[in-house]
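Below is one structure, written out as structure tokens; comments come after it.
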Amino acid sequence: MADGKSDQTLEEVLKSIKHVILVMSGKGGVGKSTVTTQIAWTLYNKGKKVGILDVDLCGPSIPRMMNVEGNDIHQCSAGWVPVYTDKDQRLAVMSIGFLLDSRDDPVVWRGPKKNAMIKQFLSDVCWGELDYLIIDTPPGTSDEHITVVENLRHYNPDGAILVTTPQGVAVSDVRRELTFCQKTKIPILGVVENMSGFVCPHCSECTNVFSKGGGEALAKSCDVPFLGSIPLDPSLAQSLEEGQAFIDLFPNSPTLNAVNTITSKLLLMESSGDQ
Amino acid sequence: MADVPENAPEHCPGTGSEQAGKTSACQGCPNQTICSSSKPLGPDPAVQEVKERMSSVKHKILVLSGKGGVGKSTFTAHLAYGLAADDSKQIAVLDVDICGPSIPKVMGLEGEQVHQSGSGWSPVYVEDNLGVMSVGFLLSSPSDAVIWRGPKKNGLIKQFLRDVDWGEVDFLVVDTPPGTSDEHLSIVQYLSNTYVDGAIIITTPQEVSLLDVRKEINFCKKVKMPVIGVVENMSGFVCPKCKKESQIFPPTTGGAEKMAADMEVPFLGKVPLDPRIGRCCDEGKSFLTEIPESPAADAYKQIIQKILDYCGKKLEENQFEIVKD
Ligand SMILES: Nc1ncnc2c1ncn2[C@@H]1O[C@H](COP(=O)(O)OP(=O)(O)OP(=O)(O)O)[C@@H](O)[C@H]1O
Ligand SMILES: Nc1ncnc2c1ncn2[C@@H]1O[C@H](COP(=O)(O)OP(=O)(O)OP(=O)(O)O)[C@@H](O)[C@H]1O
Ligand SMILES: [Mg+2]
Ligand SMILES: [Mg+2]
């Protein structure tokens, strides 16, 4: 494996990246990686240069979801070359998945080792010029999160998107993540409610499989922006399984509409933040 | 990933070795601090203390998954409810998800506090025969975040195993966070001198989940934790209106049953998606007593029976081995 030793500093890396967004949640499986990939695709389709950094070391999902499983990382003089998902090299991915010999290998690491890896991921990847760097995180408020935030804090990242599902069990964990952002002074870009409402493909009846409205209520009660709800959509899950761009497969679906709304709000924040 | 990093010196003992970071070859290696800090130094006396505390606990079951949100906490709670339905049995639930504890909410104990007694921390009781311990009981408000790195989490897990006064217990069920990191290594390490029945692995049907779960099973194999079996959760949803089934999380690579067969571990069964399960969890009630006549409740009961059979048989074999020795 390439060791990624480089002379680049974090400051140099971040100088050529316009926006840094963290995707977080106190809760597991709410769709952090899904939201990361869908926002990345949408920004990409709008002509942006996008990088995805996957700091979920024990359960990396991004390589599969972006259809780049099994790729190797190459070394350049400045560090690690990320894996590009497209020919014109506008959508780049870095994940521990690319460094493992076998996809079934567990990464049995305690905190300090994870932290060292994440530091390398932050400073040693040669992203080049990027409009957006989106960072996908594991659930929780521990080593990975503290390390990412401690390292990025001085460079004014745009902030964090908090993903939740509607039910109470998820919302109460995400409430804790919100406290984490407040304590570590990371701005909260807003809350996304994922998996809200399932439309039966047989009879069009809508069932709230995981309840409804919890994300919006959380945003309201904590006075942070609500970015939108993404429905529970089996074709989204299916496209992620195969690593296909949902945006190309179902351009007119309510699900894509929801993703577009969320991305537009982010772009709007960007333009108002630039002034 | 290779056990020996490319930039390591010639006689690198390997990052997974007990000697990692400690041999003479490690001097000057750029990875030395990482290697030496990722293992506790020497045997922890707590392992012996945990053994003494755990001598009053007959069966120990871990609930694991590499993937987040697949239903570990929900299953843990319902396994405990199911086991506690037998009044003659004493059940304990330990939540070692330090940064995202769900057990207090799922089991209707939000806002409860732990009490200290002469013999240690007292668990919080759902019923006379069902006690629970979670970091959630140590927080002053439900919005409190536990912003802790590994070593501090490990310290609390040690306390949970060593200092909680469970009394005589038939089954201890341990809920874990997703992954293969500090919490998992600590629980396995601290329980290493005690009898553990094994781990139940929870997954959902899609490959994105199975991908992480294979890693978890390999983790179990690596640390020699027996796998009791795999449970597939959220497999299929029956529309309450038209009664037709949809696969919301599609088993694109054959689902958990095929994965379990491929990895040569037992398969315990499937629990369907049922919105009433989520609602019971949010309200802190047992789905098994709220909606007993349902396919999901039947599935839970069958799986729990298989676990009981496994544990009974395994303990017998184990006692036989002890007699043989
Ligand atoms: N809106 C949705 N509709 C249908 N399936 C979804 C939706 N969002 C996510 N999924 C599916 O749910 C599963 C969990 O999503 P994902 O892996 O993105 O969650 P996560 O928060 O990143 O999980 P982890 O905590 O393990 O990192 C995936 O299989 C994904 O395809
Ligand atoms: N079979 C099911 N049908 C419907 N909802 C379910 C089912 N199983 C679990 N849930 C719901 O899904 C959500 C996730 O479950 P749970 O919290 O148990 O997962 P977990 O694996 O413990 O998550 P984490 O990784 O965050 O600890 C909860 O809101 C729960 O109520
Ligand atoms: Mg993820
Ligand atoms: Mg849980």
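See the values below:
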{"item": "Failed item, numbered, when B:GLY16 is tested on (1) part of a loop (DSSP other than H, G, I, E, B); (2) touching a Pro at 6+ places or on another chain (Cβ under 9 Å); (3) at pLDDT below 70", "result": "(2)"}
{"item": "Output for segment B:57-77, where each listed residue is within 8 Å of ligand 4 (Cβ to nearest atom) and assigned to a strand (DSSP E or B)", "result": "none"}
{"item": "Failed item in (1) without any contact (Cβ under 8 Å) to a residue 60 or more places away in the chain; (2) within 16 Å of ligand 2 (Cβ to nearest atom), with A:SER25 passing the rest", "result": "(1)"}
{"item": "Filtered residues of segment A:138-174 (kept if in contact (Cβ under 8 Å) with a residue 60 or more places away in the chain and away from chain B (no Cβ under 11 Å))", "result": "A:VAL148, A:ASN151, A:LEU152, A:TYR155, A:PRO157, A:ASP158, A:GLY159, A:ALA160, A:ILE161, A:LEU162"}
{"item": "Test: B:ASP182 is facing chain A (nearest Cβ under 9 Å) and of a type in the set (D, E, K, R)", "result": "yes"}
{"item": "Qualifying positions in segment A:57-80 - of a type in the set (A, V, I, L, M), within 12 Å of chain B (Cβ to nearest Cβ) and either within 16 Å of ligand 4 (Cβ to nearest atom) or under 17 Å from the mean Cα position of the chain (by Cα) (or both)", "result": "A:LEU57, A:ILE62, A:MET65, A:MET66"}
{"item": "Any hit, segment B:94-103, residues being away from ligand 1 (no atom under 16 Å from the Cβ) and farther than 21 Å from B:ARG162 by Cβ", "result": "no"}
{"item": "Residue within segment B:62-81 that is over 27 Å from B:ASP212 (Cα atoms) and modelled with pLDDT of 95 or more present", "result": "yes"}
{"item": "Per-region count, segment B:127-163, residues outside any helix (DSSP H, G or I), closer than 18 Å to A:PRO139 by Cα and not charged (D, E, K, R)", "result": "7"}
{"item": "Per-region count, segment B:65-76, residues touching a Phe, Trp or Tyr at 6+ places or on another chain (Cβ under 9 Å) and away from ligand 1 (no atom under 13 Å from the Cβ)", "result": "2"}
{"item": "Complete set of residues in segment B:128-144 that are crowded, with 21+ Cβ neighbours inside 10 Å and either at pLDDT below 95 or among the β-branched types (Val, Ile, Thr) (or both)", "result": "B:VAL132, B:VAL135"}
{"item": "From A:ASP173, A:ASP143, residue being over 15 Å from A:LEU53 (Cα atoms), buried (at least 23 other Cβ atoms within 10 Å of the Cβ) and within 16 Å of ligand 4 (Cβ to nearest atom)", "result": "A:ASP173"}
{"item": "Among the candidates A:ASP54, A:ASP101, A:ASP88, residue that is away from ligand 4 (no atom under 16 Å from the Cβ) and touching an Asp or Glu at 6+ places or on another chain (Cβ under 6 Å)", "result": "A:ASP54"}
{"item": "Options B:ARG214, B:ARG276; residue that is of a type in the set (Lys, Arg) and touching a Phe, Trp or Tyr at 6+ places or on another chain (Cβ under 8 Å)", "result": "B:ARG276"}
{"item": "In segment B:114-126, the residues that are touching a strand residue (DSSP E or B) at 6+ places or on another chain (Cβ under 8 Å) and at pLDDT below 95", "result": "B:VAL114, B:HIS115, B:GLN116, B:GLY120"}
{"item": "Unique match (being touching a residue at least 12 places away in the same chain (Cβ under 8 Å), on the phi > 0 side of the Ramachandran plot and out of contact with any strand residue (DSSP E or B) (no Cβ under 7 Å at 6 or more places or on another chain)) among A:GLY70, A:GLY79, A:GLY59", "result": "A:GLY70"}
{"item": "Any hit, segment A:122-135, residues being within 10 Å of chain B (Cβ to nearest Cβ) and at pLDDT 95 or above", "result": "no"}
{"item": "Test: A:ILE21 is in contact with a helix residue (DSSP H, G or I) (Cβ under 9 Å, 6 or more places away or on another chain), within 12 Å of ligand 1 (Cβ to nearest atom) and hydrophobic (A, V, I, L, M, F, W, C)", "result": "no"}
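Quick grid of which residues meet (1) of a type in the set (A, V, I, L, M); (2) in contact (Cβ under 8 Å) with a residue 40 or more places away in the chain; (3) touching a Cys at 6+ places or on another chain (Cβ under 6 Å):
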site: B:ASP87; (1), (2), (3): no, yes, no
site: B:SER102; (1), (2), (3): no, yes, no
site: B:GLY111; (1), (2), (3): no, no, no
site: B:VAL124; (1), (2), (3): yes, no, no
site: B:GLY136; (1), (2), (3): no, yes, no
site: B:LEU156; (1), (2), (3): yes, yes, no
site: B:ASP165; (1), (2), (3): no, yes, no
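The values are calculated or read from the model by the stated rules, or taken from the named source; none is laboratory data. Everything numeric here is computed off the predicted structure, so don't read it as measured data. Cβ sites come from the backbone with ideal geometry, for glycine too, and all protein chains shown count toward neighbours.
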